[in-house]
Structures are given as C-alpha cells and as structure tokens.
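Notes for the one structure printed next.
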Amino acid sequence: MRAFYHPDQSLHDPKQYLRFGAVVAPKDLPERTARLLGALEKHGIKPELPASHGTAPILAIHDAGFVKFLETAWAKWQDLPAERGPEVWPSTFPYWSGRPDEDVRPPCRPTGFIGQLGWYLGDMSVPIGEHCWHSTLLSAETAVTAADAIIAGERAVYSLCRPSGHHARADRATGFCYLNNTAIAAQRLRSKYAKVAILDVDAHHGDGTQQIFYRRDDVLTISVHADPSNYYPFYTGYEDERGNGPGEGFNLNLPLPHGAGGAEMAAAVDRAGRAIREFGADVVIVALGYDAHKDDPIGVLKLDATDFGMIAEKVKGFGLPTLVVQEGGYAIEAIGECLDAFIGGFKG
C-alpha cells in the first residue's frame with residue numbers, strides 16, 4: 001500500500017471550538033498526524049509527498065467564490081479592528097432555506113436539544129488560522145495525488161488527509177472540514193472510471209459528500225455512522241435520504257444506534273458491499289474515520305481498534321482498486337492502533 005502526506009498539513013492548529021456553549025480546546029490536533037505516521041512506519045510504509053495541482057481539481061467540486069474565501073480569509077481578518085479574536089470565526093449566520101419557493105424551512109428534525117440549537121444558530125467548528133488554507137490545500141492535493149496513483153494502476157493507496165473533508169459541502173466549511181477531500185478524489189477518479197463508490201465509515205454522517213453527489217448517478221455514496229437524531233451533523237444521515245432526480249437511489253445511509261460495536265459495523269459494511277456490487281462500481285473510496293472507537297472524546301459508538309481491521313478485510317473482499325482517504329478520529333492514544341489494524345487487515 002502506498003501512502004501520501006505533506007508535513008505542512010500539520011501546520012493547521014486551530015485554537016477554538018465551541019461545544020455545549022463553551023469555548024474549549026479543539027479536538028483536531030496536529031498530534032493526530034504523528035500517531036498515524038507512526039502506524040505507517042510500523043508497516044514499512046514511507047509516505048510520499050503529493051504533487052502540486054493547484055485549485056483546478058478542487059474547483060471541479062467546490063464553488064469558486066467559496067474557494068476564494070478560504071484562500072483569502074486570514075488576510076482579510078487582519079484588516080479587522082485590533083480586538084478581533086485569534087482566528088477567523090463567524091458571529092452572524094444567514095437565514096436561507098435554499099428554496100425560494102418555500103415560505104419556511106422544514107420542521108427541525110433532530111430530537112436532541114443541541115441539534116435544535118444548531119438548526120437555528122449554526123456551526124462554529126471551523127475557525128481559520130494563519131496556516132489553515134495552506135494545510136487545507138495540501139490535504140486536497142494529497143487526495144488528488146493518491147487518486148492519480150490509483151488511476152495509474154495501484155490497487156491500494158492511503159492518503160493521510162488533514163484537515164478532514166467529508167463534512168465540507170460544495171460551498172460551505174463545517175465540522176472541522178474545509179474542502180471535501182473524498183469528493184475531490186472521487187471526481188478525479190471519474191476521469192478513468194465510469195462508476196465510483198464511496199464508503200464512509202467515520203462515526204459522523206458524511207453530509208458534505210452526500211450533498212455534492214446527491215443528484216448524480218455515477219457516484220454511489222454510502223455512509224455508515226451513528227444515528228444523527230441526537231448526534232452531529234443532526235440534519236442529514238437518515239435512511240430515507242436516497243438521492244434526488246438522476247441521483248435517486250444512489251445514496252445509502254446506514255445509521256447505527258448509539259453504543260453499537262463491531263458486530264453492527266460489520267453488518268453495515270456487508271450491506272454496503274452488496275450495494276457496491278449491485279451498482280457495478282469500478283473503484284471504491286473508503287472515507288476512514290476512527291471516531292467510532294470506544295475511547296473517542298466526541299464519539300458515541302463502541303468499536304475496538306481490531307474492528308478497523310475487520311472493516312479492511314471486508315473492503316478488500318470487494319475486489320476493487322481502493323483509495324483510503326483519512327477523515328476524523330480524535331482519541332490520540334487509539335488512532336494509531338486503528339490505522340495499524342486497518343492496514344494489517346487489508347494486507348492480510
């Protein structure tokens with residue numbers, strides 16, 4: 001298995017995260033990459049530097065105005081009064097349903113209070129610091145370079161992406177995610193493969209990835225995640241979200257009850273495998289997060305590290321070229337073991 005990563009991705013070092021109404025220490029720490037690099041080293045895998053691609057592959061997925069905003073936000077923040085905070089952080093949120101023919105948005109779907117707050121108040125988990133854009137661009141380039149390796153004939157490639165990406169929508173950063181690395185890689189793979197399948201096993205629903213491909217029939221999006229009715233991202237990730245228009249039937253959500261462990265994950269991945277085979281996928285992307293681990297500080301699932309080896313064995317059984325894109329996972333002491341088990345399961 002080849003791997004790609006640029007050391008400057010660890011320069012992204014957020015200072016603020018709003019949780020339960022309090023500004024707390026962020027969870028996406030640079031130390032995460034050190035633990036994952038250690039797991040690669042254990043398997044004799046030396047990460048290669050990504051090639052420089054610029055923003056062209058990004059603009060194949062993301063809105064140009066949004067990308068320009070990310071690129072210039074830090075510089076514009078410096079022009080604000082001296083009492084500004086340490087990072088770019090919003091203080092107002094627009095009300096816009098996205099449907100001019102609707103008088104109001106649909107009823108708030110989450111039953112949990114935190115989700116209801118977010119419906120009206122928004123998301124403050126994506127502060128932008130001095131190095132955020134640089135690290136984010138390199139993270140996307142890591143995914144693109146890994147996709148190019150698959151296109152060139154590799155059967156299994158790992159892209160150590162940080163910041164993560166699966167919550168980023170076409171024109172919005174959210175959930176620690178700024179650009180959607182998984183979606184960018186999927187679009188890159190479409191230059192060779194007619195049908196791309198995405199299997200997201202992060203504990204959180206891949207809402208950004210779903211939104212980007214929701215009206216397309218060439219990319220099958222599957223997300224196995226914790227029940228979102230009282231868990232981030234709250235507003236998407238339900239089983240009845242199946243796609244829209246030409247994308248109808250090409251989005252599959254498999255929410256797990258809070259407290260679910262390896263057995264439930266195994267059954268969901270088996271179901272995902274059947275869908276991938278029925279779709280006739282030519283290649284698969286695994287959006288790999290470790291926040292389903294039982295010790296994750298913001299997790300609600302109960303997987304052990306060895307369960308990630310099980311996931312890898314099942315994915316290898318699909319018999320398809322496989323691109324692994326790193327997503328979340330914040331139990332610093334556990335994530336190295338999780339990647340170690342995944343690589344071991346895939347090699348085994």
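The values are calculated or read from the model by the stated rules, or taken from the named source; none is laboratory data. Note that the structure is a prediction, hence the values are computed from the model and not measured. Positions of Cβ are backbone-derived with ideal geometry, glycine not excepted, and every protein chain shown enters the neighbour counts.
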## Note on the structure
Of the residues in segment 82-99 that are charged (D, E, K, R) and surrounded by 11 or more Cβ atoms within 10 Å (Cβ to Cβ), the one that is farthest from the chain's Cα centre (by Cα) is 84
### Query
Could we say that residue 277 is of a type in the set (Lys, Arg), free of Cβ contacts under 8 Å to residues at least 60 places away in the same chain and in a helix (DSSP H, G or I) here?
yes
### Query
Do we have any residue at all in segment 67-81 that's surrounded by fewer than 13 Cβ atoms within 10 Å (Cβ to Cβ), hydrophobic (A, V, I, L, M, F, W, C) and in contact with a helix residue (DSSP H, G or I) (Cβ under 9 Å, 6 or more places away or on another chain)?
no
### Query
Listed residues 291, 307; which is assigned to a helix (DSSP H, G or I), buried (at least 17 other Cβ atoms within 10 Å of the Cβ) and at pLDDT 95 or above?
307
### Query
Do you know which of the residues in segment 110-128 that are part of a loop (DSSP other than H, G, I, E, B) and under 20 Å from the mean Cα position of the chain (by Cα) is surrounded by the most Cβ atoms within 10 Å (Cβ to Cβ)?
126
### Summary
Checked against (1) modelled with pLDDT of 95 or more; (2) under 27 Å from residue 111 (Cβ atoms), residue 198 satisfies every condition except (2)
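Taking residue 313, is it farther than 22 Å from residue 164 by Cα and at pLDDT 95 or above?
Yes; evaluated as a whole, the condition is true for this residue.
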### Message
Regarding segment 218-233, can at least one residue be identified that is of a type in the set (Val, Ile, Thr) and either surrounded by fewer than 19 Cβ atoms within 10 Å (Cβ to Cβ) or in contact with a His (Cβ under 6 Å, 6 or more places away or on another chain) (or both)?
### Response
no
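Looking only at segment 237-253, which residues are touching a Lys or Arg at 6+ places or on another chain (Cβ under 9 Å) and outside any strand (DSSP E or B)? So that I can check it myself, show each step before the final result.
If we filter segment 237-253 for residues that are touching a Lys or Arg at 6+ places or on another chain (Cβ under 9 Å), which is where we start, we get 238, 243-253.
The answer is 238, 243, 244, 245, 246, 247, 248, 249, 250.
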### Task
Identify, from the list 339, 323, the residue that is part of a helix (DSSP H, G or I), touching a helix residue (DSSP H, G or I) at 6+ places or on another chain (Cβ under 6 Å), aliphatic (A, V, I, L, M) and crowded, with 21+ Cβ neighbours inside 10 Å.
339
### Query
Residues in segment 244-264: is at least one touching a residue at least 12 places away in the same chain (Cβ under 8 Å), crowded, with 19+ Cβ neighbours inside 10 Å, closer than 22 Å to residue 160 by Cβ and among the aromatic types (Phe, Trp, Tyr)?
no
### Options 85, 38: the member that is farther than 21 Å from residue 181 by Cβ and not in a loop (DSSP other than H, G, I, E, B)
38
